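The values are calculated or read from the model by the stated rules, or taken from the named source; none is laboratory data. Source: prediction; values computed, not measured. Every residue, glycine among them, receives a Cβ derived from its backbone with ideal geometry; neighbour counts consider all protein chains shown. The accessibility values were calculated without ligands, DNA or RNA, using every heavy atom of the protein model including side chains. Shrake-Rupley method; radii C 1.70, N 1.55, O 1.52, S 1.80 Å.
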Amino acid sequence: MPKGRRPHDVVAGVPSGSLVDALVRNLADGLGADVAYCVPMAGDLSVVTAWPEHPPARTDRTDAVRMPVADDGMLVVVGVDRWGSGELALLRETAAWIGVSAGLDRARADRVRAESRAHRLRAEVARARGRLAKVRDLERQRLVQSITATTLRDLDDVRGRLLAVRETADHHAVARELDGVRGALDDLLDRFRTVVRGVYPAMLPDRGPTAALAELAATLPRPVRFGGDLGRRVGWEVESGLYQAVAAVLTVLAGVSSDRPVAVDFQRDNALLVRVTADTAGMTAKELRSALAYDAERLAVLGGMLECAVEDGVGVVTVRVAERIEPAAGPRPDVERSAVYRDVRDLVRRGARDAAGGRAQAAWDAVAERMAAPPRIAVVGAHAAGAVPDRVEGVDVVAVTGPADRGLAERLAGDDPRAGVDAVLCLDPPEAEFPSALRASRHRILLARSGGIAELARALTARAPLIAARRALVSVAGLVAALPPHHPLRFAADRIATEAHDLAELDLLDDIDSTAVLRGSATDAARLLGAHGPDPRTRLGLPAAATDEDVTTAAHHAAARWRTHAEHPATPGRDRRACEILVRTAEGIITRTRAH
């Protein structure tokens, strides 16, 4: 019979923070064996606690007995000569209670994260309500101006004509004046119908935004050509928001007579997208954005965006609205598909569980919260507040008004997980110390001095899982260093940092951006590392139609090139290590392409 106490007696007398340790020790004493409680970590079993502590129980021995725990963990027992019913019952009950304890720890951590997320969402709701109130006021003003100003002006014209008829004695002249009054009334009614149609187009609920926009285009003085398709119908709120935004764009770009047509292209991926292209007749991008400012703000309330650009007199306005207004809960699927992200996420969750109730819990929870958030961009400049849209898909954008100096760089590069940024867009030239201060940060911060917010957001979202994983690893380095020397989290963190090739690629990209390595071949190296996109064809500079055989051949050439460069006697040590990373990248492309 086992000598240990019953697990429920242990649970009744031990604080929750040390319950798992007490249960494992009680099981080891009861069985007279080595016992370890393990959880999956970075593709292997990582020991959470064991008894005896020095050395921990070996989990890879062939005579080890394993008992699954409800939280995906495992109890491993080594050294029991004979298993009786009492020993088996003690093992099963201990596994069950450890599962309950782990579930309670997870529930506490989830509650803390949920409270933090709820606080953040309440703030977002308050901001959205403020924007909605502003948009409602703007829309009310627009409708009042459209209806009253136009209608009253036309009514004044009709009134003047009627007064002229009353003062005319000639019957033939009266008839001509009445014909003019009749024509003025017809024009008034037509314009009034146009205003009402813009508020609530009758065709929109029945036939969708494409047909409603075509109906509107038929009333405009400039020809409009439509192409593409929006696919299946979506909710009324989404279609109405899309229609109102595109209708405003057409009113601006096609509201003046011209022989050159306006092109409207419909697209559909994970959102509804409409791109309007037209000659702007001298209108600048700033003037176009100003004309559509409140329409862009109204669309942002629905989670969409409206972007304007003008080049060589041709304006391009892009309207994008998500298929659903409700934000998706939880991490994005593309993030979850990253093995590095999952490994780091599991590491952080395990650290938060172990620190539950301790001084380090808040720090672990902050890292977990930041890891689940999208990449963050800081737009810096004297007029940054006016340049930042309310919402950019896939990223958080904050405006920082003021000079880009060393003090600002140190604040942006701080260690607070909730405050750090992943990229900086400088609208004004930064001071000389600003870039070097950003590069001195432990975190990866991309500095952009040209381009737009949308372009920078696309670059970040393409590598969002790696950026989140790397930032979390850096943030927990101090927390892991404070753990005991043989703590399994220390080994797991070192293993992820050493074996994750994707993180090595990201670090090498940073070195290339700072011109620290491969100065003569930086462009080709950055492309192979995924600076222009993670797709293998993009990395190898191949067209999208290239076959898998073309990809494999190009990857072989790339591996041979960088291997030769690494073996050259004149290649410096840092460049040699960079070439080894590039060779491994090319070989990985070959392996994945063959497997595909």
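Below is a table of values for the structure above.
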{"quantity": "Residue list for segment 326-341, filter: surrounded by fewer than 17 Cβ atoms within 10 Å (Cβ to Cβ) and at pLDDT 70 or above", "calculated": "Ala339"}
{"quantity": "Segment 79-95, residues that are crowded, with 18+ Cβ neighbours inside 10 Å and either in contact with a Ser or Thr (Cβ under 9 Å, 6 or more places away or on another chain) or closer than 16 Å to Ala22 by Cα (or both)", "calculated": "Leu90, Leu91, Thr94, Ala95"}
{"quantity": "Residues (farther than 15 Å from Leu253 by Cα, part of a loop (DSSP other than H, G, I, E, B) and either open to solvent by 40 Å² or more (accessible area, probe 1.4 Å) or of a type in the set (S, T, N, Q) (or both)) located in segment 278-325", "calculated": "Leu302, Asp312, Glu323, Arg324, Ile325"}
{"quantity": "Only listed residue being without any contact (Cβ under 8 Å) to a residue 24 or more places away in the chain and either in contact with a helix residue (DSSP H, G or I) (Cβ under 7 Å, 6 or more places away or on another chain) or open to solvent by less than 20 Å² (accessible area, probe 1.4 Å) (or both), chosen from Ala559, Ala544", "calculated": "Ala544"}
{"quantity": "Residue within segment 241-256 that is among the β-branched types (Val, Ile, Thr) and in contact (Cβ under 8 Å) with a residue 60 or more places away in the chain present", "calculated": "yes"}
{"quantity": "All positions within segment 350-381 that are open to solvent by 60 Å² or more (accessible area, probe 1.4 Å), over 23 Å from Arg470 (Cβ atoms) and out of contact with any Gly (no Cβ under 6 Å at 6 or more places or on another chain)", "calculated": "Arg359"}
{"quantity": "Close pairs from segment 472-485: first within 9 Å of Leu347 (Cβ to Cβ), partner open to solvent by 50 Å² or more (accessible area, probe 1.4 Å), Cβ under 7 Å, at least 6 apart", "calculated": "Leu473/Ala497; Val480/Arg490"}
{"quantity": "Every residue from segment 57-70 that is crowded, with 18+ Cβ neighbours inside 10 Å and of a type outside the set (A, V, I, L, M, F, W, C)", "calculated": "Thr59"}
{"quantity": "Residue list for segment 496-511, filter: in contact (Cβ under 8 Å) with a residue 24 or more places away in the chain and under 17 Å from Arg439 (Cβ atoms)", "calculated": "Leu506, Asp507, Leu508, Asp510, Asp511"}
{"quantity": "Residues that are of a type in the set (S, T, N, Q) and in contact (Cβ under 8 Å) with a residue 40 or more places away in the chain, drawn from segment 432-461", "calculated": "Thr461"}
{"quantity": "Residue in segment 400-416 that is modelled with pLDDT under 85, of a type outside the set (A, V, I, L, M) and buried (at least 20 other Cβ atoms within 10 Å of the Cβ) present", "calculated": "no"}
{"quantity": "Elements of type strands (runs of 3 or more DSSP E) in segment 377-478, at least 3 residues being in contact with a His (Cβ under 8 Å, 6 or more places away or on another chain) and within 30 Å of Val319 (Cα to Cα)", "calculated": "none"}
{"quantity": "Selection within segment 151-169 - in contact with a helix residue (DSSP H, G or I) (Cβ under 9 Å, 6 or more places away or on another chain) and among the acidic types (Asp, Glu)", "calculated": "Asp154, Asp157"}
{"quantity": "When residues of segment 103-142 are limited to those that are modelled with pLDDT under 80, among the hydrophobic types (A, V, I, L, M, F, W, C) and touching a helix residue (DSSP H, G or I) at 6+ places or on another chain (Cβ under 9 Å), the one nearest to Gly351 (Cα to Cα)", "calculated": "Ala109"}
{"quantity": "Test for Asp105: is it in contact with a Ser or Thr (Cβ under 9 Å, 6 or more places away or on another chain) and not aliphatic (A, V, I, L, M)", "calculated": "yes"}
{"quantity": "Any hit, segment 3-11, residues being modelled with pLDDT of 80 or more, assigned to a helix (DSSP H, G or I) and under 44 Å from the mean Cα position of the chain (by Cα)", "calculated": "yes"}
{"quantity": "Some residue of segment 248-265 being out of contact with any Ser or Thr (no Cβ under 6 Å at 6 or more places or on another chain), at pLDDT below 85, of a type outside the set (Ser, Thr, Tyr) and closer than 15 Å to Val316 by Cβ", "calculated": "no"}
